[in-house]
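Let me begin by presenting the structure, written as structure tokens, before commenting on it.
The values are calculated or read from the model by the stated rules, or taken from the named source; none is laboratory data. Quantities reported herein were computed from a predicted structural model and do not represent experimental measurements. When we count neighbours, we look across all protein chains shown, and the Cβ atoms used for this are built from the backbone with ideal geometry, even at glycine.
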Amino acid sequence: MTRLSNAIAASLALLLVSPGCASSSDTPEDHASPRPQQEEDSAARVHQRLSQAEEAWTHRLDTNQLFTAIEAWEEASTLAQTSESLSPEERSDIALRLARAYDFAADATQRGLSERETDAASLARLGAARAQVALSLTPNSPHARFWLMQNLRRAAHAEGVAASLEAAPQIHELLDELIANPPRDLEAQVKLARAWRACGADFGRDLASCETSLDQAATQAPDLLDVALAHALLLDVARNDRAAFEARLNAIANTPTDALSPEATLRVREARELVQKSDRLFGPS
């Protein structure tokens with residue numbers, strides 16, 4: 001019998017007690033089920049873990065803090081499964097925070113910032129699984145679709161060509177849905193994903209469409225370093241314009257990181273790495 005069934009049974013038992021069978025000193029509290037207090041305690045533990053996670057997340061460039069946040073969100077997610085006071089939307093929100101956190105952890109691992117032994121692909125797969133949970137709880141959520149797509153793309157990229165080909169149909173389907181209904185706060189990132197797809201072999205390396213999507217993303221989020229980085233990797237490389245490539249990357253690489261978000265800081269580190277790989281992309285100068 002479930003906890004809810006136990007609570008219902010207890011309530012029925014109280015209703016069936018004959019007034020003559022109860023002591024005159026009995027009060028409603030004497031017969032009250034402890035379930036409301038248990039539920040309140042469970043909800044309080046969930047919110048405590050969520051607060052711990054959010055505090056650690058602000059310091060996510062520190063690997064220990066990043067995984068402290070992930071562990072706290074995982075504990076909150078487990079507790080939330082048995083807490084009837086939390087709505088599907090609230091449980092979905094916890095799953096989305098985990099999906100975003102695993103994506104960041106995979107990104108940091110690819111940049112060589114993580115001190116953990118877990119590889120980027122495994123972290124991204126965990127992120128995709130959490131995004132799938134969010135999507136099952138809130139089927140119409142564009143955020144769940146975005147973080148599922150993002151983690152699938154990162155896992156496939158980390159695992160190689162075969163994995164990318166296998167994941168492509170699902171990723172394309174998710175992106176099509178996001179293009180039709182993008183999350184308002186992630187609209188620039190959706191256009192960025194559209195640019196990456198347009199420049200891919202599957203879509204004929206449509207540089208004009210790619211450039212249009214990049215320009216739209218830059219208009220919506222002019223400070224998003226991902227856009228400049230994608231412009232260098234997608235268009236400058238395709239046009240064999242080494243000078244533009246290096247100028248764009250050097251501009252990113254020399255950006256002071258003091259006021260940047262952790263995500264933008266990873267892009268600065270990536271740009272610095274790519275500058276060192278110019279010969280590999282263009283041949284010796």
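Structure above, values below:
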quantity: Cβ pairs under 9 Å, 6+ apart, first in the range 256-274 and surrounded by fewer than 18 Cβ atoms within 10 Å (Cβ to Cβ), second among the acidic types (D, E); calculated: E263/D107; E263/D226; A264/D223; A264/D226
quantity: From A108, A144, A95, A168, residue being of a type in the set (A, V, I, L, M) and without any contact (Cβ under 8 Å) to a residue 40 or more places away in the chain; calculated: A168
quantity: Wholly within the range 148-263, helices (runs of 4 or more DSSP H) carrying at least 3 residues that are out of contact with any Ser or Thr (no Cβ under 7 Å at 6 or more places or on another chain), of a type in the set (S, T, Y) and not assigned by TED's automatic domain parsing to the domain that holds A121; calculated: 207-220
quantity: Residues of the range 50-88 that turn out to be part of a helix (DSSP H, G or I) and either of a type in the set (S, T, N, Q) or more than 18 Å from the chain's Cα centre (by Cα) (or both), as a count; calculated: 10
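Residue by residue, here is whether (1) modelled with pLDDT of 95 or more; (2) farther than 17 Å from D62 by Cβ; (3) part of a helix (DSSP H, G or I); (4) in the same structural domain as I171 (by TED's automatic domain parsing) holds:
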residue	(1), (2), (3), (4)
A105	yes, no, yes, yes
A108	no, no, yes, yes
T118	no, no, no, yes
A131	yes, yes, yes, yes
